[in-house]
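The values are calculated or read from the model by the stated rules, or taken from the named source; none is laboratory data. Source: prediction; values computed, not measured. Don't worry about glycine lacking a Cβ; one is built from the backbone with ideal geometry, like all the others, and counts go over all protein chains shown. Each accessible area value is taken on the protein alone, full model and side chains, heavy atoms only, with ligands, DNA and RNA left out. Shrake-Rupley method; radii C 1.70, N 1.55, O 1.52, S 1.80 Å.
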Amino acid sequence: ELKGIVFVIQSQSNSFHSKRAEDLKRDILKQAVDLGKELPTVLLIHQINRHEGAWTILPLMRDFSVTYGRNSSWIFFCEEDTRIHIIKLLETLRRFDKSKEWFLGKALYDEESTIIHHYAFAENPTVFKFPDFAAGWALSIPLVNKLAKKLKSEPLKSDFTIDLKHEIALYIWQKGEGPHLSPVPEFCTEDVNSYKVDHCATTFSNFLPLCGEPVNKEDVFVAVKTCRKFHGDRIPVVKQTWEREAALIEYYSDYADNSIPTIDLGIPNTDRGHCGKTFAILERFLNHTSPRTPWLVVVDDDTLISIFRLRKLLSCYDPKEPVFLGERYGYGLGTGGYSYITGGGGMVFSRTAVQKLLASKCRCYSMDAPDDMVLGMCFSGLGIPITHSPLFHQARPMDYPKEYLSHQIPVSFHKHWNIDPVKVYFTWLAPNTEESPNRKKVGYNREDL
């Protein structure tokens, strides 16, 4: 029965995202009313628990077990853009014996072992399946209770959260002692208007959000972090690809090279983190750019980014709020750590966020500290939440399952290892003919990459 399902929306506290999650909650409850059914429980993750790591879900299992372990059958997780057909979802879940341990979802797998999964299953990465969160995924209550018990005796280790869907699947699998993901064909990521969705209990509604006109080119200031040794190979790639999309762009280096041109911030290059350089960039943005420029993007010299798509995405955010946007990672979240935006995919700041950060006394503990992690720590201490977008990517396109990328219009990728970065840009990120009528479509095929 519907009242036996606890819906958990993987929501965020930023106003744009929380509104979308509330809209989905209303839709679920309206469907229940229209069906004359008892209302199910619908939870928003950012409201359940003020704990910084609630988004990693596993720390919530004990609460789920205590609260819902006796009277519910399933915990069904979904993203704010997942669309749910309640009758079809009920029909789908009825196929599975709720008294057994089930882990259900749309299966993703790696075609080759990848750094973001620590090269797991290197012999044959296709054997391990993990859920596409966009399609929704479900745990039966007996499995929730088992996980809660395990977490009580073996607390989560405080290390990195990089790809949550893969890490949750690994934790549930427990080296073969727990269940594998059972693929459910009714959990779909096709667009709700697609002809393919007749059998689907879930669909996915948003490839790239747009909330009005894209922000103006002059509203986005782009800071590229580089150093002398990469001037000759990485900067030419930026100039051949996305530089023309940026109205305001500066290159920051340890050496002033007028041919690019680069700006020497007076901070020596470091082999490890670049905290000193990044904080110098933030101070320069605040003190030397027009106060009317609301957005700052900080990228590496080997980041491939679509400024055109970023301008669309930023139409959904209020720059008067302290926004810190990008791909979210976590550190030590089982034991009160913090979330951060991983730097390679690009870090986006509203001017308000930069003002609040620099008004605080939070700074680098060393010049070569990891800048993205220090920023995460600082914003966490200020109570400013990280805003996650899956459209930013810390790795290359081939490091992600094709099926996962198929329902995205990506904003960024990172790294030039063993790829032709210009080809990757024109295949994945260049404005296509629909997006930019004046630009010829370059004929590359995503399947090649």
* With a 1.4 Å probe and every protein chain left in place, work out the accessible area per residue of the stretch 112-201 in Å², rounded to a whole number. => 49
* To do: Quote the Stokes-Einstein diffusion coefficient, in whole µm² s⁻¹, for the stretch 2-204, based on the Kirkwood radius over alpha carbon pairs, a temperature of 4 °C and a viscosity of 1.567 mPa s.
  => 74
* Could you please state, rounded to a whole Å, how far the C-alpha centre of the stretch 395-418 is from the C-alpha centre of the stretch 242-321? => 22
* Asked: What helices in the chain pass both tests, a Cα length along the helix axis of 15 Å or more and a mean Kyte hydropathy of 0.0 or higher, using whole DSSP H runs?
  -> 141-153, 275-288, 371-382
* Rounded to a whole number, what % of the accessible area of the chain do carbon and sulfur atoms account for, probe 1.4 Å? -> 50
* Asked: If you build the Cα gyration tensor of the stretch 217-435 and take the root of 5 times each eigenvalue, what three semi-axes come out, in whole angstrom, biggest first?
  -> 24, 21, 18
* What is the stretch 217-435's relative contact order, in percent, from Cα pairs under 8 angstrom and six or more apart in sequence? -> 23
* To do: Work out the FRET efficiency for F207 and S360 from their Cβ-Cβ distance, taking R0 = 51 Å, and round it to the nearest 0.05.
  => 0.90
* **Rounded to whole Hz, the Karplus (6.51, -1.76, 1.60) HN-Hα couplings of the stretch 249-256, x for glycine and proline** => 9, 9, 10, 10, 9, 9, 8, 7
* What ranking do 342-348, 415-421, 168-174 get when scored by the average of other Cβ atoms within 10 Å per residue, highest first? -> 342-348, 168-174, 415-421
* If you roll a 1.4 Å probe over the heavy atoms of the protein chains, what accessible area per residue do you get for the stretch 325-413, in Å²? -> 30
* Asked: Given charges of +1 on the Cβ of Lys and Arg and -1 on the Cβ of Asp and Glu, with all other atoms neutral, how large is the dipole of the chain about its Cα centre, in debye to the nearest 20?
  -> 880
* Structure fact -> Simple SL model, points at 7 angstrom along Cα→Cβ for K37 and E190; separation in nm is 2.2
* Structure fact -> When every protein chain stays in place and a 1.4 Å probe is rolled, C362, C78 sorted by accessible area with the largest first are C362, C78
* Structure fact -> Free-by-geometry Cys in the chain, Cβ-Cβ under 4.7 Å as pairing rule, reported as C78, C227
* Cross-link partners of K277 among aspartates and glutamates (Cα-Cα below 15 Å; sequence separation of 8 or more within a chain) -> E250, D254, D264, D300, D301, D368, D371, D372
* Computed helical MRE - 222 nm, the chain, DSSP H runs ≥ 4 contributing -39500 (n - 2.57), nearest 500 -> -8000 deg cm²/dmol
* Of R284, R95, R234, which is the most mobile in a GNM of the chain whose springs link Cα atoms less than 10 angstrom apart? -> R95
* **Calculated semi-axes √(5λ) of the Cα gyration tensor in Å (choose from [x] 56, 27, 18; [y] 47, 23, 17; [z] 38, 24, 22), label** => [z]
* Asked: In a shell of Cβ-Cβ distance under 11 Å around F133, excluding F133 itself, what net charge do Lys and Arg (+1) and Asp and Glu (-1) give?
  -> -3
* To do: Please work out how much length the chain gains when fully extended from I87 to E112, using 0.36 nm per residue of separation minus the C-alpha to C-alpha distance, in nm with one decimal.
  => 5.3 nm
* With springs connecting C-alpha atoms under 10 Å apart, model the chain as a Gaussian network and identify which of G276, G232, G381 has the largest mean-square fluctuation. => G232
* To do: Please list 20-30, 207-217, 395-405, 5-15 highest first by mean number of surrounding beta-carbon atoms within 10 Å per residue.
  => 5-15, 395-405, 20-30, 207-217
